[in-house]
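Peer 1: Submitted below is the structure of interest, expressed as structure tokens.
The values are calculated or read from the model by the stated rules, or taken from the named source; none is laboratory data. Given the structure is predicted, the values throughout are model-derived calculations rather than measurements. Reconstructed Cβ throughout: ideal geometry from the backbone, glycine too, with neighbour counts over all protein chains shown.
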Amino acid sequence: MTAGHDGAGVEPAAGTTGDSPRRVASRAAIYTAGSAAPAVASLVVIPLITRLLSQREYDVVALGTVVVQVGVILVALGMGAAITREYILGEAGARGARGLVVQSSLISVLVAGLALALGPLWGPAVLGRPWDAALALAVVASLGGGVVIVVQAYLRGAERPVPFVLLAAGGTLVGPAVGLVVVLLGQRTGTAYLAALAAGYVLSALAGVAVTLRSGPRDTSWVGLRRALRLGAPTVPHQIAIYVAIAGLVVVADRLLDAGGTANIVLTLGAGATVLTGALNNAWAPLIYKEPPATRHARLTSTTRVILRVVGALVAAVCLAAPLLVQIASPPTYDHEAMVPAVVLASFSAVASVYYLASSHLILVRGRTGVLSVSTPAAVGLGIVAAVLAAPVWGLVAVGASYAVMYLLLALFTTVAQAVLVDRPWRPPLAPVTLAVVVACAAAAVLLPTATGWWTVLRAAVALLAAAVLLAPLRTALRR
């Protein structure tokens, strides 16, 4: 039986018409839309909820959100990567992946239950506030989010992007929307908002498990579970380090520059393009996993070039739009002149993230994820050290540059790791045209005046020219 299938039929092999560039592009577009929708929704919900709740109650929401963001990583135990890999490369294929969804969901319930039981101990010690219903609801939301992650991993392996996106919408769109309605109806507390958020995640998790159970028979075994945990658990420090990257730099800016809020805006805008790389990766990773070993490197090189062009066009747009973005995101009391170059430098993280993801595909295929538990925290730690050393001299520019440094180091470390771990090292493509266009747009973004009017039109024209240069060749590739 072919891995990843139930034996009912044989799907086209990788590299055939079943995995044509047009088909991959269409799946990537769905993943991208699903990833962008929550970000757009947050831009609508957050300004409203901050005005409807008192500052004290919004602090409860903010803290609960942090618990959810870290909690979903801990509850899922990194099983997402293991499940996708099992579906495509594992001996049990789709049956084994479905079995792992059930097993990891039960483990998530145990982990979340333990967190709830020990909440009165770790809550005050870690968060500096008494354990209450709001924090308990945040843990419940983490449980739902963790289960959604493992179900989405199965759907990613099965190449089912539509239910993948619908599950994501349950927690990231429906929950906040219902919470906003609850607050509007008079329950103006952070606890009420978090209750709606938890309900959205839990309902999404139940729907996801139901979809998985209805998809076909399951194979469950302790051997398969142990193998999945050995592959997935080392990615937990990796995922947490990625999350801590922005938080750590915000703390540095707050302590050294008294500009934590400004740094948070800068990094949020600068890191926006990495959302695209993460969305594209949902279609990219299964494509590389499915490729036969003899042609995997060639497919990885060609797809890396394509994704670099797409991401490069977005980075160029972010750079040139930086003056407008910072004006929209913050009032005139903020130092917009200092924020613009910081956003530009931070946006380079997206380009580096493409190389990091490309090398990590080979590491995951090899099943040696332990290196990620060291390389990512090391890259983030060195980036924070660089910010501490440079911020007193360069200010916000150092903060933005340090974020890019983190991803550059991460790309370097993963590239070296795959060269050591895989049988035949992969050489990343340089993509000189893409890099030259991105650097030129970054320079133009900093050098052109930030005044509105015709200067804004000129910036838009440069962004469109960059997109034309980078994306025009892709039309030929998709048509072919």
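Peer 1: Do we find a residue being within 23 Å of Val311 (Cα to Cα) and either modelled with pLDDT of 85 or more or surrounded by fewer than 17 Cβ atoms within 10 Å (Cβ to Cβ) (or both) anywhere in segment 388-395?
Peer 2: Within segment 388-395, not a single residue is within 23 Å of Val311 (Cα to Cα) and either modelled with pLDDT of 85 or more or surrounded by fewer than 17 Cβ atoms within 10 Å (Cβ to Cβ) (or both).
Peer 1: If you check Leu430 against the conditions, is it in the same structural domain as Pro293 (by TED's automatic domain parsing), closer than 24 Å to Leu372 by Cα and out of contact with any Ser or Thr (no Cβ under 9 Å at 6 or more places or on another chain)?
Peer 2: When the stated conditions are applied, Leu430 passes them.
Peer 1: Follow-up. Tell me which residues, restricted to segment 131-169, are at pLDDT below 85, more than 17 Å from the chain's Cα centre (by Cα) and crowded, with 20+ Cβ neighbours inside 10 Å.
Peer 2: The one that is at pLDDT below 85, more than 17 Å from the chain's Cα centre (by Cα) and crowded, with 20+ Cβ neighbours inside 10 Å: Glu159.
Peer 1: I would also like to ask the following. Only one of these conditions is not met by Ala358: (1) surrounded by 16 or more Cβ atoms within 10 Å (Cβ to Cβ); (2) under 20 Å from the mean Cα position of the chain (by Cα); (3) free of Cβ contacts under 8 Å to residues at least 60 places away in the same chain; (4) within 30 Å of Gly90 (Cβ to Cβ). Which number is it?
Peer 2: Evaluating Ala358 over (1) surrounded by 16 or more Cβ atoms within 10 Å (Cβ to Cβ); (2) under 20 Å from the mean Cα position of the chain (by Cα); (3) free of Cβ contacts under 8 Å to residues at least 60 places away in the same chain; (4) within 30 Å of Gly90 (Cβ to Cβ) leaves (3) as the failure.
Peer 1: Can you find a residue that is among the aliphatic types (A, V, I, L, M) and touching a Phe, Trp or Tyr at 6+ places or on another chain (Cβ under 7 Å) anywhere in segment 329-345?
Peer 2: Within segment 329-345, none of the residues are among the aliphatic types (A, V, I, L, M) and touching a Phe, Trp or Tyr at 6+ places or on another chain (Cβ under 7 Å).
Peer 1: Residues that are modelled with pLDDT of 90 or more and within 30 Å of Lys290 (Cβ to Cβ): does segment 107-130 have at least one?
Peer 2: Yes, there is a match, as at least one residue in segment 107-130 is modelled with pLDDT of 90 or more and within 30 Å of Lys290 (Cβ to Cβ).
Peer 1: Report whether or not Leu458 is over 25 Å from the mean Cα position of the chain (by Cα) and either surrounded by fewer than 21 Cβ atoms within 10 Å (Cβ to Cβ) or closer than 26 Å to Leu300 by Cβ (or both).
Peer 2: Working: over 25 Å from the mean Cα position of the chain (by Cα): yes; either surrounded by fewer than 21 Cβ atoms within 10 Å (Cβ to Cβ) or closer than 26 Å to Leu300 by Cβ (or both): yes.
Criteria met by Leu458.
Peer 1: Here is a check on your reading of the model: is Asn282 among the polar types (S, T, N, Q) and free of Cβ contacts under 8 Å to residues at least 40 places away in the same chain?
Peer 2: In short, no.
Peer 1: Going through segment 375-394 one residue at a time, which ones are among the hydrophobic types (A, V, I, L, M, F, W, C) and touching a residue at least 40 places away in the same chain (Cβ under 8 Å)?
Peer 2: Ala379, Val380, Ile384, Ala387, Val388, Ala391
Peer 1: Need at least 3 residues that are outside the structural domain of Val66 (by TED's automatic domain parsing) per element, so show me which helices (runs of 4 or more DSSP H) inside segment 97-174 make the cut, counting only ones lying wholly within it.
Peer 2: No helices (runs of 4 or more DSSP H) qualify here.
Peer 1: Only one of these conditions is not met by Pro332: (1) assigned to a helix (DSSP H, G or I); (2) surrounded by fewer than 24 Cβ atoms within 10 Å (Cβ to Cβ). Which number is it?
Peer 2: (1) is the only condition that Pro332 fails.
Peer 1: Hey, another quick one. From (1) touching a residue at least 60 places away in the same chain (Cβ under 8 Å); (2) more than 16 Å from the chain's Cα centre (by Cα); (3) in a helix (DSSP H, G or I), pick out the condition that doesn't hold for Val223.
Peer 2: Every listed condition holds for Val223 apart from (1).
Peer 1: Restricting to segment 45-86, count the residues that are outside any helix (DSSP H, G or I) and among the hydrophobic types (A, V, I, L, M, F, W, C).
Peer 2: The number of residues fulfilling the criteria is 2.
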